[in-house]
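Only one structure is covered here, and it is reproduced in the block below.
The values are calculated or read from the model by the stated rules, or taken from the named source; none is laboratory data. Computed from a predicted model, the values in this text were never measured in an experiment. A quick note on method: Cβ atoms are made from the backbone with ideal geometry, for glycine too, and the neighbour counts reach across all protein chains shown.
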Amino acid sequence: MVFRTFNINNYNRIMEISALQKERAAYQPKLPKALQGAVKISEGKPTQSVGDQEEIKKLFPNTYGMPLIEFVPGTEANNAKINIGVILSGGQAPGGHNVISGLFDTVKKLNPENRLYGFLMGPGGLVDHNYIEITEEFLANYRNTGGFDMIGSGRTKLEKEDQFEKGLQIIRKLDIKAIVIIGGDDSNTNACVLAEYYAAKKYGVQVIGCPKTIDGDLKNDQIETSFGFDTATKTYSELIGNIERDCNSARKYWHFVKLMGRSASHIALECALQTQPNICLISEEVQAKDMTLNQIVEQIATVVAKRAEKGNNFGVVLVPEGLIEFIPAIGRLIQELNDLLAAHGADYKDLDKDAQRKYILEHLSKENAATFETLPEGVARQLSLDRDPHGNVQVSLIETEKLLSDMVGALLDKWKKDGKFTGKFAAQHHFFGYEGRCAAPSNFDADYCYALGTSAAQLIAAGKTGYMAIVKNTTDTTDNWKAGGVPITMMMNMEKRNGEMKPVIRKALVELDGAPFKAWAAMRDELAVETKYVYPGPIQYWGPADVCDQPTKTLALEQNK
């Protein structure tokens, strides 16, 4: 199947665009000095994986131990002849189009005859040979825009040899030298597997990754932030600020706001730092303190009661999407459920709802069965359903914000009967997820992503494979950003997925001894009882740099800026 069969009218039509998009199209992203002209590479020392070194080295003998790379200004232009294929993988994140823009501009700068092909609807486009050639005319509609609609995205996992070989067929047909996979930790793990396979077979096909996820959990010593986090958290913070202002105006509702972030609470923490709500739950702290669901509910109810004593029957609570998984007792239950479904899914899946519940209770350990029985029916049911393609519970479907408010309301009713609570409690619920994934990228993300795309092209021109493009020193001015590449194996360890130990990129959790969490912890007792909301307003694209070009508070605190 070729690109002419893929709804091509959507791409060849004259796009109707907003005034903002028209003006943003003229924005030229800024590049670090090292990427502005001729480029050469500076190689560091050999690397090793963050964990399970022997296992990772055994699985990736051809791409393990490679050095870190930094780009520095060169004297000779590289006119490498390279065609490149690009894939958008996984959930959307603001700035993906700018990665492709940086990739395209650099490829054409290296050699005007070079071509860039976009594989449609994610990694499946490579396997199924669905593609489109990206041209300047086509790309012009997408520069500095949000979303992944340029070529679409998907969640097909590249992990089997027949997929690699089918992909190779179209790679050979289009004379492609390298594939760039723009995705999160799982997508970049797949990129590493693909790079290793092609290297082992000596096919001469390079694979480069780019760090994408609004969740903020793809970061480490080499990756300061994943793209999209800046824009998404600023978008959510605008909405939370609007809710806070409404809350402070009506003064009669408690707003429970669930925020994306299944595996870590970076989004919730950043939004708390920007907006100063009354409560922000941090999943990692709940886990570290071995808190129960009832303890969390009592903590929230206590704040509600204290504010009510001052006549403030209103407030804002931020809830990370993955909170349920971090409650230790529920986390242990989920782990056993994962193993159970992986081993006996065929016996289980065709049973009716009541029979499934009975089957689970009969096969769980005594402790986990007791936890399962105490959960509200809707939550228990969701935990027992099919996992996502990566083996994860689909926690976004659990209405944690409503669960918490219902339980808080029930506890306050009990306290009222006992004379411990004399205020009023009424709740409103929100889930901010899709609202932030495709927002028009902030200046930070527009520049950062363009630099990532440029770095990816330069890694390919330098003959590298199995690397992830990186840009560092991002709290400084753009001129002083440092670009380069990190071996993907350096970020990997072994973890259990779908009942099996698999090599994966280690996720970054909120560090409880880190500056961002400490900054929140220092103010939260006061914010719980006082009303000191901050209203960030919309993302600004034009104006003073201290308004328009600032990184997230998380990044600034981590870099001590």
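Selection of first residues in the stretch 242-258 that are more than 19 Å from residue 435 (Cα to Cα) and of second residues that are assigned to a helix (DSSP H, G or I) and of a type in the set (S, T, N, Q), restricted to Cβ pairs under 8 Å at least 6 apart or on distinct chains, gives the following pairs, ordered by first then second residue: 254/405.
The numbered conditions (1) buried (at least 18 other Cβ atoms within 10 Å of the Cβ); (2) not in a loop (DSSP other than H, G, I, E, B) are all true for residue 294 except (1). Residues of the stretch 226-241 that are under 12 Å from residue 436 (Cα atoms) and surrounded by fewer than 24 Cβ atoms within 10 Å (Cβ to Cβ): 238, 239.
Could you look through the stretch 149-164, keep only residues that are among the hydrophobic types (A, V, I, L, M, F, W, C) and outside any helix (DSSP H, G or I), and pick out the one that is surrounded by the most Cβ atoms within 10 Å (Cβ to Cβ)? Walk me through how you get there before you give the answer.
We begin by selecting, within the stretch 149-164, every residue among the hydrophobic types (A, V, I, L, M, F, W, C); these are 150-151, 158, 164.
Restricting the remaining residues to those that are outside any helix (DSSP H, G or I) gives 150-151, 158.
Numbers: 150: 23, 151: 27, 158: 24.
Among residues in the stretch 149-164 that are among the hydrophobic types (A, V, I, L, M, F, W, C) and outside any helix (DSSP H, G or I), the one surrounded by the most Cβ atoms within 10 Å (Cβ to Cβ) is 151.
Candidates 146, 209, 167: the one that is touching a helix residue (DSSP H, G or I) at 6+ places or on another chain (Cβ under 8 Å) and assigned to a loop (DSSP other than H, G, I, E, B) is 146. Which of the residues that make up the stretch 263-273 are surrounded by fewer than 24 Cβ atoms within 10 Å (Cβ to Cβ) and under 22 Å from residue 334 (Cα atoms)? Passing the criteria: only 263.
Exactly one residue out of 223, 208 is at pLDDT 95 or above, crowded, with 24+ Cβ neighbours inside 10 Å and over 10 Å from the mean Cα position of the chain (by Cα): that is 208.
The set of residues in the stretch 520-557 that are surrounded by 17 or more Cβ atoms within 10 Å (Cβ to Cβ), of a type outside the set (S, T, N, Q) and over 21 Å from residue 235 (Cβ atoms) comprises 524, 527, 528. If the condition is being among the aliphatic types (A, V, I, L, M) and under 22 Å from residue 220 (Cα atoms), then the stretch 434-456 contributes 446, 451, 452, 456. Of the residues making up the stretch 173-185, just one is assigned to a helix (DSSP H, G or I) and surrounded by 24 or more Cβ atoms within 10 Å (Cβ to Cβ), namely 185. Within the stretch 380-399, take every residue that is modelled with pLDDT of 80 or more and in a helix (DSSP H, G or I) and give me the one that is nearest to residue 336 (Cα to Cα). Restricting to residues being modelled with pLDDT of 80 or more and in a helix (DSSP H, G or I), the top hit is 383. Residues in the stretch 490-505 that are more than 12 Å from residue 55 (Cα to Cα) and buried (at least 18 other Cβ atoms within 10 Å of the Cβ): 490, 491, 497, 505. For the stretch 358-374, state whether one or more residues are part of a helix (DSSP H, G or I), touching a Pro at 6+ places or on another chain (Cβ under 8 Å) and either touching a residue at least 40 places away in the same chain (Cβ under 8 Å) or closer than 23 Å to residue 154 by Cα (or both). No; the residues of the stretch 358-374 include none that is part of a helix (DSSP H, G or I), touching a Pro at 6+ places or on another chain (Cβ under 8 Å) and either touching a residue at least 40 places away in the same chain (Cβ under 8 Å) or closer than 23 Å to residue 154 by Cα (or both).
For the stretch 121-148, the set of residues classified as buried (at least 24 other Cβ atoms within 10 Å of the Cβ) and hydroxyl-bearing (Ser, Thr, Tyr) consists of 131, 145, listed by residue number.
On the stretch given as the stretch 62-107, residues that are acidic (Asp, Glu) and under 24 Å from residue 137 (Cβ atoms) total 1. Among the residues of the stretch 364-379, those that are touching a helix residue (DSSP H, G or I) at 6+ places or on another chain (Cβ under 7 Å) and either modelled with pLDDT of 90 or more or farther than 18 Å from residue 329 by Cβ (or both) comprise 364, 365, 368, 369.
Does the stretch 407-445 hold any residues that are free of Cβ contacts under 8 Å to residues at least 12 places away in the same chain and over 30 Å from residue 537 (Cβ atoms), and which are they? Quick ask: steps written out before the conclusion?
The first filter runs over the stretch 407-445 and keeps only residues free of Cβ contacts under 8 Å to residues at least 12 places away in the same chain, leaving 410, 413-414, 416-419, 434.
Correct list: 410, 413, 414, 416, 417, 418, 419.
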